[in-house]
Ligand code: SF4
Ligand SMILES: [Zn+2]
C-alpha cells in the first residue's frame, strides 16, 4: 500500500520540553527537531488505553513495558492491510504496532530506539537476572556483529545464545555479548531449531545499527503515573505540557478557523448550521462556530446544531450528542434512519467495503430529509462540517466551501480542513471540550459501529468494549454466512471476510488457507 501525502508533515519535537510540537518553534523558544513519519501523517495522541495495549504487547513479546507510565506518545496511522500505528515517543519513532490478520492479533515491531528502551545494557551490569526476565532476544558472537550491522541476516553459526521459547515468525531483538541492541527483525527459526541446527538463516533483520545516543532511554523515565484506569482527567493531565508548548499553534489555528467561519457566513444569506456527530472533529467545529457567533461574540448570530443518526450509532455517541447540545444550548434539529439498516439487511445481507448499500439509506437519506424539512423553504443552509484534508484523498482535494452534490439546499464549509487529528485533540484538551468517551477506549474514528470499512483490529476492540453488540452481530453474520452456503462461516466472520463482496487477493489467499470456501 503506497503512502500518500494529503497535507504537510507537521510533527516536530522540542528537545527541551520533550513533547511534540506542530511547528518549527516551540512556545518555550527552542528550535524543534523535525520527525519523519509515514504520510498521510494524521498524527494524534496515543491515549492511555492505547499505551496500555502497546505495553501489554511489549510485555508479552519482550518481558517489559515499552512506554513509561504518564509519558506522552504520538500515534500515526500508516498504510497497511489492517491497522498499523507508528509510535512516536521521546522525539523518535520507536516502533510500530500492527494488527496481523492471519493471527489475528497485535504485534509490536520496535525500531532500534524502541528495543533499547527494553534491552538496556546498563541494566545488564546491575541486574544478573535480566537475561531470564526478557524474552525474544538473540545474542551474537563478536565476530558476527559487523555483518549484522551491515544488514545481513543473522545466521545460526553467528549466534552464541538465545532466550528460550522463541517461536518462528516472532519479532526478535539482536544483542551483543554485553547486551547492546544492534538489530531487530523477524525470526525464521524457533529457539529450539536454532539450538538443534548448525547452519541456516535464523533472523531476517529490519533495522540495524550501533547505539548513537541514549536519548530514548533518557526520555523513558518521565512522570510515573498509574494509567490503568485512565479517564479524561488523566489524559488532559498528561497532555498539559504539550498544550503549553503548542500554545501559539493552538491560538493561530483557532483564530483562522473563527475567521473562516465568519467570512463564509458573511458572504451568504443563508441559515447557519453546524453539524455535530458526536465525533472529535465536529466537536471542534461546533466550538469554533460558538466562538464566531455565540453569546458575547462581536459577531453574535443565531445558528442551529444538526445531527443525522444513521441508526447504527453507539449509545455513547447518542448520549454525547445530547450532552454537548445541552452545553451549547442552541436550537437542535435531528433525524434518524431508525431501523432501516436492519430492514434492508434482510434483503441485501451484510454490507461490504465494496458494497456500501447502507450509505444511501442510513447516511444520505436522513441528512437530505433533515435539510429539506427544515431549511429548503428558506433558501437552504450553510453547514459547518468537521471535514479534514488528512482523512482521505477525496477530502484533501475537496474545496473548503462546496455545494453538496447529494443534499439539495446545503452548502458545506470546512473550518478545520488543514488540522491534523493532533491539532484537534490539543484544542479539545485545551478548551476542556466534552468529548465522546469512546476515544478513551481505543477508537480513533467514531461512526456506524458495524461499518465494513472498519479494520479487523477495530472489531476486535469492539469485542472487548461492547461484547453484547458484537455477540449479536457475530450471530447475525454467521447466520448470513450459512444462508450464503459458506464453508466455515464462523471463520468467515472471525477473520472479517464478510466485509467484502469480492475478496481482495490477500484476503482471498488467507480465506483459502483457513478453509473458508464460497459457494
Ligand atoms: S459508514 Fe459504513 S455502515 Fe455506516 S452507512 Fe456508511 S458504509 Fe454503511
Ligand atoms: Zn519547548
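The values are calculated or read from the model by the stated rules, or taken from the named source; none is laboratory data. Only a predicted model underlies this, so the values are computations on that prediction, with no experimental measurement involved. For neighbour counting, all protein chains shown are included, and Cβ atoms are generated from backbone atoms with ideal geometry for every residue, glycine included.
Anything in the range 340-356 that is assigned to a loop (DSSP other than H, G, I, E, B), under 28 Å from the mean Cα position of the chain (by Cα) and either within 16 Å of ligand 2 (Cβ to nearest atom) or buried (at least 17 other Cβ atoms within 10 Å of the Cβ) (or both)? List them, or say none.
The first filter runs over the range 340-356 and keeps only residues assigned to a loop (DSSP other than H, G, I, E, B), leaving 349-351, 353-354, 356.
When the remaining residues are screened for being under 28 Å from the mean Cα position of the chain (by Cα), the result is 350-351, 353-354, 356.
Answer for the range 340-356, where residues must be assigned to a loop (DSSP other than H, G, I, E, B), under 28 Å from the mean Cα position of the chain (by Cα) and either within 16 Å of ligand 2 (Cβ to nearest atom) or buried (at least 17 other Cβ atoms within 10 Å of the Cβ) (or both): 350, 351.
Return the pair list, or none, for Cβ contacts closer than 9 Å from residues in the range 237-255 that are more than 23 Å from residue 290 (Cβ to Cβ) to residues that are within 16 Å of ligand 1 (Cβ to nearest atom), at least 6 apart or on different chains.
none
Out of the residues in the range 388-403 that are touching a residue at least 24 places away in the same chain (Cβ under 8 Å) and surrounded by fewer than 23 Cβ atoms within 10 Å (Cβ to Cβ), state the one that is nearest to the chain's Cα centre (by Cα). Let's see the steps before the verdict.
Kept after step one, since they are touching a residue at least 24 places away in the same chain (Cβ under 8 Å), are these residues of the range 388-403: 388-393, 395-396, 400-401.
Filter once more, so that each one left must be surrounded by fewer than 23 Cβ atoms within 10 Å (Cβ to Cβ): 391-393, 395-396, 400-401.
Values: 391: 11, 392: 14, 393: 17, 395: 18, 396: 19, 400: 25, 401: 27 Å.
Ranking the candidates gives 391 first.
Residues checked against (1) more than 23 Å from residue 184 (Cα to Cα); (2) more than 16 Å from ligand 1 (Cβ to nearest atom); (3) surrounded by 21 or more Cβ atoms within 10 Å (Cβ to Cβ):
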residue	(1), (2), (3)
19	yes, yes, yes
48	yes, yes, yes
55	no, yes, no
66	no, yes, yes
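Here's the yes/no breakdown for (1) over 21 Å from residue 282 (Cβ atoms); (2) away from ligand 1 (no atom under 16 Å from the Cβ); (3) touching a helix residue (DSSP H, G or I) at 6+ places or on another chain (Cβ under 6 Å):
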{"site": "310", "(1), (2), (3)": "no, no, yes"}
{"site": "348", "(1), (2), (3)": "yes, no, no"}
{"site": "353", "(1), (2), (3)": "yes, no, yes"}
{"site": "383", "(1), (2), (3)": "no, yes, no"}
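Tell me the residue from 509, 519, 482 that is farther than 18 Å from residue 315 by Cβ and either outside any helix (DSSP H, G or I) or under 26 Å from the mean Cα position of the chain (by Cα) (or both), please.
On the way: 509 fails: either outside any helix (DSSP H, G or I) or under 26 Å from the mean Cα position of the chain (by Cα) (or both); 482 fails: either outside any helix (DSSP H, G or I) or under 26 Å from the mean Cα position of the chain (by Cα) (or both).
None of the others qualify; the one that does is 519.
For residue 317, are the conditions met, namely being under 21 Å from residue 47 (Cβ atoms), within 16 Å of ligand 1 (Cβ to nearest atom) and at pLDDT 95 or above?
Values: under 21 Å from residue 47 (Cβ atoms): yes; within 16 Å of ligand 1 (Cβ to nearest atom): yes; at pLDDT 95 or above: yes.
Answer is yes for this residue.
Are any residues in the range 6-47 closer than 25 Å to residue 119 by Cβ and at pLDDT below 95, and if so, which ones?
Of everything in the range 6-47, those that are closer than 25 Å to residue 119 by Cβ and at pLDDT below 95 turn out to be 15, 18.
Can you say whether residue 477 is within 16 Å of ligand 1 (Cβ to nearest atom), more than 22 Å from the chain's Cα centre (by Cα) and either outside the structural domain of residue 252 (by TED's automatic domain parsing) or farther than 29 Å from residue 369 by Cβ (or both), as far as the supplied structure shows? Quick ask: steps written out before the conclusion?
Numbers: within 16 Å of ligand 1 (Cβ to nearest atom): yes; more than 22 Å from the chain's Cα centre (by Cα): yes; either outside the structural domain of residue 252 (by TED's automatic domain parsing) or farther than 29 Å from residue 369 by Cβ (or both): yes.
Considered against the rule, which asks whether it is within 16 Å of ligand 1 (Cβ to nearest atom), more than 22 Å from the chain's Cα centre (by Cα) and either outside the structural domain of residue 252 (by TED's automatic domain parsing) or farther than 29 Å from residue 369 by Cβ (or both), residue 477 comes out as yes.
Considering (1) buried (at least 17 other Cβ atoms within 10 Å of the Cβ); (2) within 16 Å of ligand 1 (Cβ to nearest atom); (3) part of a helix (DSSP H, G or I), say which one residue 439 fails and leave the rest.
(2)
Would you kindly identify the strands (runs of 3 or more DSSP E) lying entirely within the range 13-101 that contain at least 2 residues that are within 16 Å of ligand 2 (Cβ to nearest atom) and not assigned by TED's automatic domain parsing to the domain that holds residue 251? Break it down stepwise before answering.
Working: elements: 19-21, 73-77, 84-89, 92-100.
In the range 13-101, 19-21 are the strands (runs of 3 or more DSSP E) which contain 2 or more residues that are within 16 Å of ligand 2 (Cβ to nearest atom) and not assigned by TED's automatic domain parsing to the domain that holds residue 251.
For the range 488-506, how many residues meet the condition of being closer than 22 Å to residue 345 by Cβ and not in a loop (DSSP other than H, G, I, E, B)?
9
State all residues of the range 452-470 that are in a loop (DSSP other than H, G, I, E, B) and crowded, with 18+ Cβ neighbours inside 10 Å; if no residue qualifies, say none.
Pass one, the range 452-470, residues in a loop (DSSP other than H, G, I, E, B): 452-455, 466.
Listed by number, the residues that qualify are 452, 454, 455, 466.
In this structure, is residue 373 surrounded by fewer than 15 Cβ atoms within 10 Å (Cβ to Cβ) and either more than 25 Å from the chain's Cα centre (by Cα) or modelled with pLDDT of 95 or more (or both)?
Values: surrounded by fewer than 15 Cβ atoms within 10 Å (Cβ to Cβ): yes; either more than 25 Å from the chain's Cα centre (by Cα) or modelled with pLDDT of 95 or more (or both): yes.
Taking the combined requirement at face value, the residue satisfies it.
Output the number of the condition that residue 395 fails; it satisfies all remaining conditions of (1) at pLDDT below 95; (2) outside any helix (DSSP H, G or I); (3) within 30 Å of residue 495 (Cα to Cα).
With (1) at pLDDT below 95; (2) outside any helix (DSSP H, G or I); (3) within 30 Å of residue 495 (Cα to Cα) applied to residue 395, the lone miss is (2).
Being more than 16 Å from ligand 2 (Cβ to nearest atom) and without any contact (Cβ under 8 Å) to a residue 60 or more places away in the chain is true for just one of 485, 442. Which residue is that? Reasoning before the result, please.
Working: 442 fails: without any contact (Cβ under 8 Å) to a residue 60 or more places away in the chain.
Exactly one residue qualifies, and that residue is 485.
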